[in-house]
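One structure below.
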Amino acid sequence: MILRANCKINLGLDVLRRRADGYHDLETVMFPVRGLFDEVEVLRTGGAGAELRTEGIAVDCAPEGNICMKAFRLMRDRYGVDGVVIRLVKRVPFGAGLGGGSSDGTAVLKALDTLFGLRLAEEELVARAAELGSDTAFFVRDTPQLCTGRGEVMTPFPLDLGGMTLVIVKPAEGVSTREAYAGVRPRMPEVPLAGRLRRPVAEWQGTVTNDFEESVFAAHPAIRAAKEELLAAGALYASMSGSGSAVFGLFDDPARAARLRERTPFVFAL
Ligand SMILES: C[C@@](CO)(OP(=O)(O)O)[C@H](O)COP(=O)(O)OP(=O)(O)OC[C@H]1O[C@@H](n2ccc(N)nc2=O)[C@H](O)[C@@H]1O
Ligand SMILES: Nc1ncnc2c1ncn2[C@@H]1O[C@H](COP(=O)(O)OP(=O)(O)O)[C@@H](O)[C@H]1O
């Protein structure tokens, strides 16, 4: 079976506190981006083990370290499923804060669930996804969610951005999630993110913020410049996504957004 593993953007991201387990409690709204996705095909071989075949963007880790293989091992150890070929067509940039790897991992969990007839309840899939990562759980639902805890605790956050155009720019340099968390200064916002996001998009700039921007922009001026470019081009709202380095802009004027097609291939009507 073939699944589309779409990516996500973060609409606001507050890092609230560092936890005793080394993770951070955060508050963010994750929003699925349907137009930018990897393809994940999983086939049963009838044998044992898993083989990963990759096409497209080459990921900077060995096949055994690919999250698709981690997802397979997790499901094999837990439910005894075995014998698959996984074909990954990689289109979502990594080191981007777009959650491409997380989405691939969750796609493998879902495919194995279906192929082997496990019929896991959503909450069980969420629990397995949360063992793989922190923003993997989001992709089980893949609809706008307010994510709390270390990112794996979800509440649906219906948000209609229909009519807007999303432009994503991925600067050449990447940022690792670890690097971003290492530089962040946790803080409690005066008004919780959900309240600020319920205001019109035109009011978001300056109120809906991403706590990783301060330290990431200081270390990578090109990423700050990319965000400023989106605002100068007419974005109502622009921000870095997650831990970066991708930045995105929301445009209410499709023509202004379309002018950025020379700059980036990632222009999508929402
Ligand atoms: C920052 C966010 C925002 O959506 O996404 P990305 O921008 O990377 O896509 C997520 O928190 C990334 O989640 P994910 O990529 O799954 O991270 P994990 O593999 O679980 O953790 C990688 C490392 O990041 C740190 N980490 C992660 C999540 C969290 N809530 N607190 C942390 O401190 C830890 O140091 C951890 O070892
Ligand atoms: N299938 C995969 N796709 C992307 N990255 C992967 C994958 N499997 C493992 N990784 C590792 O995870 C890292 C971050 O992946 P990704 O989820 O794309 O991060 P981010 O959301 O921060 O851009 C990569 O640099 C790579 O080493």
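Determine the sum of side-chain charges near L132: Lys and Arg each +1, Asp and Glu each -1, restricted to other residues whose C-beta is under 11 angstrom from that of L132.
Result for the neighbourhood of L132: -1.
Could you pull out every residue, at least 5 positions away or on a different chain, whose amide H is within less than 5 Å of the one on A5? Hs are placed 1.01 Å off N in the peptide plane, and Pro or chain starts have none.
Hits under the 5 Å cutoff: D38, E39, V40.
Please find, in a Gaussian network model of the chain (springs between Cα atoms separated by less than 10 Å), the residue of G133, G195, G234 whose mean-square fluctuation is greatest.
In this elastic network of the chain, the residue with the biggest mean-square fluctuation among G133, G195, G234 is G195.
Tell me what the chain gives for mean residue ellipticity at 222 nm when only DSSP H runs of n ≥ 4 count, each as -39,500 (n - 2.57), the sum divided by the residue total, rounded to 500 deg cm²/dmol.
Helices in the chain give a 222 nm mean residue ellipticity of -8500 deg cm²/dmol.
Taking H placed 1.01 Å from N in the peptide plane, check which residues at least 5 places from F266 or on another chain put their amide H under 5 Å from its amide H.
The list, which skips near neighbours in sequence, is I168.
Net charge around A257, counting only other residues with Cβ within less than 14 Å of its Cβ (Lys, Arg = +1; Asp, Glu = -1)?
It works out to a net charge of 0.
Given a Förster radius of 30 Å and the C-beta distance between R263 and L161 as r, what FRET efficiency does 1/(1 + (r/R0)^6) yield to the nearest 0.05?
0.90
Compute and list, largest first, the equivalent-ellipsoid semi-axes of segment 2-156 from the alpha carbon gyration tensor, each √(5λ) rounded to a whole angstrom.
The equivalent ellipsoid of segment 2-156 has semi-axes of 25, 17, 14 Å.
Could you tell me the largest-minus-smallest coordinate of the C-alpha atoms of segment 4-73 on each of the three principal axes, in descending order and whole angstroms?
Between the extreme Cα coordinates on each principal axis of segment 4-73 lie 46, 34, 23 Å.
Assuming R0 = 25 Å, can you tell me the calculated FRET efficiency for the pair R178 and A58, based on Cβ-Cβ distance, to the nearest 0.05? Could you put the intermediate results ahead of the total?
Numbers: r = 21 Å, r/R0 = 0.83.
After rounding to 0.05, the efficiency reads 0.75.
What area, in nm² and to one decimal, does the C-alpha convex hull of the chain cast on average over all directions?
Details: hull surface 55.5 nm².
For the chain, averaging the hull's shadow over all directions gives 13.9 nm².
Hey, what did the chain get for relative contact order, percent, Cα under 8 Å, at least 6 apart? Please list the in-between numbers first.
Values: 579 pairs, mean separation 61.6, N = 270.
It comes to 23 percent, rounded to a whole number.
Fewest first, what order do L36, L16 take by the number of other Cβ atoms within 10 Å?
Lowest to highest Cβ neighbour count: L16, L36.
Quick one: net charge around E55, please, counting Lys, Arg +1 and Asp, Glu -1 for every other residue with C-beta under 12 Å from its C-beta.
Computed value for this residue: +1.
Coordinate-derived values only; no laboratory data. No experiment lies behind these values; they were computed from the predicted model shown. All Cβ positions, even for glycine, are placed from backbone atoms using ideal geometry, and neighbour counts span all protein chains on display.
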